[in-house]
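Reviewing the structure listed below.
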Amino acid sequence: MRYRLTLTAAAVIPGSDGDPNTIVTQQDIPGSHLWGAAAWHYLNQGNHKPDNAFRHAFLDGGLRFLAAYPETTDTQSQRLTPIPHSIRQFKDTEGMIDFIEWIPENTPTKRLDRRYAKISSGFLETQAVKTERNYHHARASKNRRIGRALGAEVPDGGAFFTYEAIQTGQSFQGAVLGSKRDLVDLKTWLQNLKIVSIGRSRSAQYGEAEFEWIDDAGPLELRGLVEWEGFNTQQTEPNSNGSLTITTLSPLLTINDNGHPDVRFPNQELANTLGLNASALKLSASYTRTEMIGGYHTHLRLPRQQWPAIAAGSVFVFELGSDIIEKCEEHLVQLEHDGLGLRKGEGYGRIAVNRHGHLEIQTEQQLDDPDKANLPNKPEAERLEDILELLQGVVRTRCITEMQEMAQTVANRIQNPPSNSLLGRLRLFLQQDPAIAVEHLDNLRKPAKDGLMNCRITSGSGISWLPNTLYALFEKTWKEPGTLTEACISEQVRNLLTDTNQQERLTTLLVEDDRKAMCTAFLNHLLTLLYRR
């Protein structure tokens with residue numbers, strides 16, 4: 001049965017990273033959290049006690065509580081899968097590659113920044129887990145009334161520390177595996193379970209989550225579903241091409257020959273499951289990571305044993321040959337169902353068999369595009385007049401600044417600037433209506449008019465509409481203010497108003513008065529720059 005945990009408060013699930021003053025959280029919720037909550041609820045109902053039913057369900061692996069991985073925010077609400085470590089992206093170019101298929105030469109690659117994805121033929125659909133950092137201080141232990149940390153130089157003076165936490169509001173999806181009877185019993189035991197506490201600092205501000213069953217109709221037949229694909233699709237036979245690819249979907253815990261925790265692949269257990277000799281398993285490639293698995297006994301108030309483990313997403317490739325694969329093909333689905341390693345009841349040891357290495361993955365599609373994630377949705381209602389007026393004011397200010405910068409560009413291209421007295425007469429024209437200013441410009445005496453026409457504007461400014469003389473510039477600006485404004489500030493308008501097309505933006509903001517005002521600002525600034533020369 002699949003379940004969902006939706007965080008109603010930030011959650012801190014300590015990982016093995018960080019430093020003494022920083023707690024770094026995992027980005028998933030281990031199955032042990034629901035495993036412990038279910039056991040606690042069982043023992044607190046009626047006459048329940050640690051009997052044979054309890055031992056079978058919670059200690060002997062009758063029920064397996066799989067980890068809750070991030071759930072997609074689209075309509076499918078699918079449980080994501082840890083990205084295999086054999087899948088890398090190119091550093092210098094777009095695209096990615098699965099090293100199981102081929103390893104490029106002289107092409108640098110790197111691991112993906114994100115950890116979970118829907119993995120399909122040709123591409124990955126990834127989604128990030130949102131986290132936050134919160135700052136706290138522990139009060140001085142000898143004098144609790146101080147109410148703050150005193151600093152590292154003071155013995156028992158408290159401390160300042162940081163929590164990285166999973167942000168509230170995110171949903172994670174997991175599953176509980178078992179026989180139909182055991183799952184029905186579990187649903188009965190947890191029928192009143194609505195809120196689950198997860199992670200550390202539960203008595204403070206962290207760790208509250210809403211719990212719900214996704215499969216209300218009852219248990220699903222696992223053999224009809226694929227964990228690799230979030231239990232959302234019908235079972236397909238693992239792809240076999242003469243090799244056996246094992247990909248861990250959760251941490252894998254094993255022991256050495258002396259019974260101590262050790263990071264090693266359980267070759268003998270795999271061989272026994274497939275009905276082979278361990279010598280037949282020839283490891284040809286592996287892409288792995290390790291991690292430390294810990295935890296906390298809430299009842300005993302003691303930390304659990306630190307256990308080195310093969311991390312989720314690790315990949316092991318064995319060359320067996322097509323004939324051997326065909327003989328043990330019927331065991332592959334059973335191998336996915338049973339998993340490998342120890343503490344399977346807590347969700348460890350989940351694997352996928354031959355599920356990738358043939359998908360020709362080349363691109364990544366982000367389900368939560370960071371370029372769009374923080375943008376507000378366009379309001380359905382019409383803009384309020386005061387908001388529109390405020391927005392217009394912001395855009396006008398930006399546009400005038402752009403016009404002044406354009407004037408600087410034009411001034412740098414002017415040769416033989418006119419005399420200051422002639423520039424002063426042009427500034428007087430700016431106080432008139434553009435139509436009257438054009439008449440004054442046309443009525444200038446021949447020496448003054450020739451002075452403006454001889455003032456050349458060189459090309460190369462990147463302005464296609466720019467005339468080649470100062471006289472023509474003033475004349476065109478007064479006669480066609482829209483040409484200047486649209487050429488200079490359309491980019492500013494587009495950046496600030498992204499929800500309308502270009503014509504609507506210019507119609508909204510560049511009304512006749514605005515065009516005149518901005519053209520006046522342009523010409524006035526240009527005259528000021530020429531005066532200084």
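Taken together, the values in this text are just the output of simple stated rules run on the coordinates, not laboratory data. A quick note: this is a predicted structure, and the numbers were derived from the prediction, not measured. For neighbour counting, all protein chains shown are included, and Cβ atoms are generated from backbone atoms with ideal geometry for every residue, glycine included.
Sorting TYR287, TYR116 on the 10 Å Cβ count, fewest up front, what's the list? Don't jump to the answer; show the numbers that get you there.
Working: TYR287 19, TYR116 25.
Ranking TYR287, TYR116 by Cβ neighbours within 10 Å, fewest first, gives TYR287, TYR116.
Could you please rank GLU291, GLU94, placing first whichever residue has the fewest other Cβ atoms within 10 Å of its Cβ?
Ascending number of Cβ neighbours within 10 Å: GLU94, GLU291.
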HN-Hα J couplings of region 104-120 from phi, Karplus 6.51/-1.76/1.60, θ = phi - 60°, integer Hz, Gly and Pro as x? x, 8, 6, 10, x, 10, 8, 6, 6, 6, 9, 10, 10, 7, 8, 9, 10
What ranking do ARG4, ARG350, ARG115 get, fewest neighbouring Cβ atoms within 10 angstrom at the top? ARG4, ARG115, ARG350
State, to one decimal in nm, how far the label point of HIS137 lies from the label point of ARG202, with both points 7 Å from Cα in the Cβ direction. 2.9
Calculate one ³J(HN,Hα) per residue across region 431-445 by plugging θ = phi - 60° into the Karplus curve 6.51 cos²θ - 1.76 cosθ + 1.60, and present them in order as whole Hz with x for glycine and proline. 7, 9, 4, x, 5, 5, 4, 5, 4, 4, 5, 5, 8, 4, 5
Under 23 Å between alpha carbons, and skipping anything fewer than 8 positions from LYS479 in its own chain: which lysines qualify? LYS446, LYS449, LYS516
Among GLY259, THR248, HIS297, which residue has its Cα positioned farthest towards the positive end of the charge dipole of region 234-337, with +1 placed on the Cβ of Lys and Arg, -1 on the Cβ of Asp and Glu, and the dipole taken about the Cα centre? HIS297
List, in the order given, every pair from LYS118/LYS187; LYS91/LYS327; LYS91/LYS344 whose Cα-Cα distance in the structure shown is over 32 Å. LYS91/LYS327; LYS91/LYS344
Apply the Karplus parameterisation 6.51 cos²θ - 1.76 cosθ + 1.60, with θ equal to phi minus 60°, to every residue of region 270-282 and state each ³J(HN,Hα) to the nearest whole Hz, in sequence, with x for glycine and proline. 5, 4, 5, 5, 8, x, 10, 7, 4, 5, 6, 8, 10
